[in-house]
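The values are calculated or read from the model by the stated rules, or taken from the named source; none is laboratory data. Owing to the predicted nature of the structure, the values given are computational and were not obtained by experimental measurement. Cβ sites come from the backbone with ideal geometry, for glycine too, and all protein chains shown count toward neighbours. Note: accessible area is taken over every heavy atom of the protein model, side chains too, but ligands, DNA and RNA are not part of it. Shrake-Rupley method; radii C 1.70, N 1.55, O 1.52, S 1.80 Å.
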Amino acid sequence: MAITALPTDDQPRTSDPFDLRTTVAALRARTPKITLGRIGGLAASVVLPLIPITGFIVVWHLLTTNQVVAWLRFNRMPTPGSVLDKFSARLGTGAYYDDLFASVQRILLGFGLAAVIGIGLGVLIGRSRTARKTLRPFLEIVRPIPAIAIVPLTILLFPSSEQGIVFITFFAAFFPVVVSTIHAMDSLPKVWDEAARTMGAGRWTILRSVVLPGAMPGIFSGLSVSMGVAWICVVSAEMISGQFGIGYYTWQAYGLLDYAGVVVGMVSIGALGLITAWVVELTGRRVNHWLPRAQ
């Protein structure tokens, strides 16, 4: 019968998957360490944003409750309590969610088209001298035109107000994206192209593996600005020519002298803008995960 020699101190021991010490060590390695610094950072990220919000609400409550009339008139402004009551009432109605869905749908369509077309056209202008000389002057002529100024033309051009609002949103969001993409193309070091060509990379390989990854930080900066501009213009377009949407609700509340409803619309717009901006920023972090970050 063969006898297996026990491992000595000089020989490596084979780890047994059922060994209790090995299992405990593995669990400790996988468990994230919760330190006082991390707890303090999480608490600060929650508490610090609440300080200006709470201060604003307190000042708002004092001014409206006491009906202060000085350089500004607060005797007609709704109190935070009346806005909260109105908001609670709106949450219980289906019309409120229909308005939210309509505005979000318009934003997604307009912003999505602006992102795809703007990035594509920006890359073309940034990489081609012929495209730059041909298209850049036209873009600079059209870019200063406010999106709200084309509302009368959209009413004439499009058969429905829905299509017109989406086009206005696209028009407003398009230019920050295309301009930021062009600037991101121009800021790329020329040595990157030269190094890739020296290693035998073709034009499409350079574009896919060098140019686009290097330009993505600048492109997402433009996308973040574009999202904010898109919300401004979609709400304005809904106020002018919409039949539903959070902007339309806000304007209708003002027409009915429902000032608490106006503030509810404003808060809803701000919340939606915050969420969509956070989604764009989170996507940018995922795409640009290779960037070095400060610890």
Dipole of segment 180-295 [Lys/Arg +1, Asp/Glu -1 at C-beta], most positive-end residue of SER226, TRP204, LEU272: TRP204
How would ASP99, ASP186 rank on accessible area, largest to smallest, probe 1.4 Å? ASP186, ASP99
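Order these peptides, 242-251, 167-176, by their mean beta-carbon neighbour count within 10 angstrom, highest first.
Details: 242-251: 22.8, 167-176: 25.3.
Peptide ranking by packing, descending: 167-176, 242-251.
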Rounded to a whole number, what % of the accessible area of segment 95-230 do carbon and sulfur atoms account for, probe 1.4 Å? 70 percent
Cα convex hull volume per residue for segment 170-295 (Å³): 127 Å³
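What is segment 70-162 by shape, rounded, prolate or oblate, if you read a ≥ b ≥ c off the alpha carbon gyration tensor as root eigenvalues and call it rounded for a/c under 1.5, prolate for a/b larger than b/c, and oblate otherwise?
Working: a/c = 2.70, a/b = 2.09, b/c = 1.30.
Cα axes put segment 70-162 in the prolate bin.
Take the alpha carbon gyration tensor of segment 46-97, find the square roots of its eigenvalues, order them as a ≥ b ≥ c, and report rounded if a/c is under 1.5; if not, report prolate when a/b exceeds b/c, else oblate.
Oblate, because a/c is 1.5 or more while a/b does not exceed b/c.
Ignoring ligands, DNA and RNA, what accessible area per residue does segment 204-249 give at 1.4 Å, in Å²?
Values: 1820 Å² over 46 residues.
Value returned for segment 204-249: 40 Å² of accessible area per residue.
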